[in-house]
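These notes concern the structure reproduced below.
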Amino acid sequence: MNKLNVGLIGAGRMGAFHGETIAHRLLQANLYAISDPVPGAAERLISQLDENSIAYIDPMELIQDSSIDAVVIASPARTHASNILAAIKQGKAVFCEKPMAVNLKEANDIVQAIDESNILMQVGFNRRFDKGFKAAHAEITSGKIGTPQLLKSTTRDPKLMRAESIPEWTIFLETLIHDFDTLMYLNPGAKPIEVYAAADALIRPDLKESGLLDTAIVTIKFDNGALATAEANFQAVYGYDIRAEVFGSEGMITAGGIRKSSMTRYNHNGVSFDTSRYDQDLLFDAYVDELRSFVDCVIHNKPTLATSEDARWALKIALASIESVKNNCPIKLDHFVLV
Ligand SMILES: NC(=O)c1ccc[n+]([C@@H]2O[C@H](COP(=O)([O-])OP(=O)(O)OC[C@H]3O[C@@H](n4cnc5c(N)ncnc54)[C@H](O)[C@@H]3O)[C@@H](O)[C@H]2O)c1
């Protein structure tokens, strides 16, 4: 195959980063087209990235373009499932930003469509492509810390922005979804059996009535006995903070960190270092590598490293967390009808 022709759906913040990766950072991909419903948005991004790309308003037109081999979906969460299903129907490989879907019916439909079609799909669980998290996974898989007993995963965004327009339950469906996947990735083969969540609006208590939750903690019991916590907060004043820890019978592994670089400053005030204020700085390499891996999998017909099945598991934990907050009680995953 020559270069893979990629169509990008969504020309916003993440779409612009992925578009630049496809156009300029990957040798085997070509940014064939961009679609965005906001008039002029796709054209603006095209003018910055690749003048030869085609602009579409309607994602379905892009999906139906027979020159396109694969689509990258970076539109808002609630639009993902319909675009994925349409792309699978047209025989296109799919990379979709998280979450793959926002309810279990959509997730089941996607997993089934993929099983029936053998289409390759990857979900934007970028921590699986971060060097530290990958190394942690390899150590744990090879048994170097024995049996996992306690796991932690943390996401703290640097600043709560556009708080009024954050859709309900975003902290579980769009933020902690990364941590739920990370906990499964770092506890290989184990399945979650029970979830208990608490959440509040501690940064903007005035928005709690309108549905904002900006701080949350979830405990998860796994079927191999391991106990895990996932926690998130939308405003860490010291910078973007993504970390994980796995404590096992033979030791402990940590991954992630907050340093912007390896530079450390020593002066009259003591010792300090800079932190990242932006996910695209902290996770730059992981964001590029996830798409590099996707393109490589499509070209060489290899299974992707963050599948629709992985995304369905993370979604199940997110939906059970929401149910747990609503009812203020633990939720058993096998008893709970997740729809
Ligand atoms: N992996 C990560 O860590 C990470 C980080 C940020 C965002 N994301 C995800 O990326 C996705 C996009 O987030 P963003 O921050 O770029 O949002 P954004 O609002 O900046 O961009 C979304 C873009 O999609 C367009 N759009 C709206 N409806 C559409 C539709 N039906 N079809 C196609 N395009 C449509 C909008 O006009 C906008 O240009 C979300 O799912 C988000 O959760 C992932």
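Evaluate the following for A55: is it surrounded by fewer than 20 Cβ atoms within 10 Å (Cβ to Cβ) and among the small types (G, A, S)?
Criteria met by A55.
For the structure I just gave you, tell me whether A232 is of a type outside the set (K, R), surrounded by 19 or more Cβ atoms within 10 Å (Cβ to Cβ) and within 18 Å of T170 (Cβ to Cβ).
Yes, satisfied.
Taking the range 154-169 as the search range and keeping residues that are among the polar types (S, T, N, Q) and touching a residue at least 40 places away in the same chain (Cβ under 8 Å), which one is nearest to the ligand (Cβ to nearest atom)?
Residue satisfying both the conditions and the ranking: T155.
Restricting to the range 257-266, and then to whatever is out of contact with any Gly (no Cβ under 6 Å at 6 or more places or on another chain) and modelled with pLDDT under 95, can you tell me which residue is farthest from the ligand (Cβ to nearest atom)?
S262
For residues in the range 132-170 being in contact with a Ser or Thr (Cβ under 8 Å, 6 or more places away or on another chain) and part of a helix (DSSP H, G or I), which is farthest from I84 (Cα to Cα)?
A136
Can you pull out every residue in the range 267-282 that is at pLDDT below 95 and aliphatic (A, V, I, L, M)?
Result: L282, single match.
Can you name the residue in the range 108-131 that is outside any helix (DSSP H, G or I) and out of contact with any helix residue (DSSP H, G or I) (no Cβ under 6 Å at 6 or more places or on another chain) and is also nearest to H18 (Cα to Cα) among such residues?
Across the range 108-131, the extreme among qualifying residues is G124.
The values are calculated or read from the model by the stated rules, or taken from the named source; none is laboratory data. Computed from a predicted structure; not experimentally measured. Neighbour counts run over all protein chains shown; Cβ positions are idealised from the backbone, glycine included.
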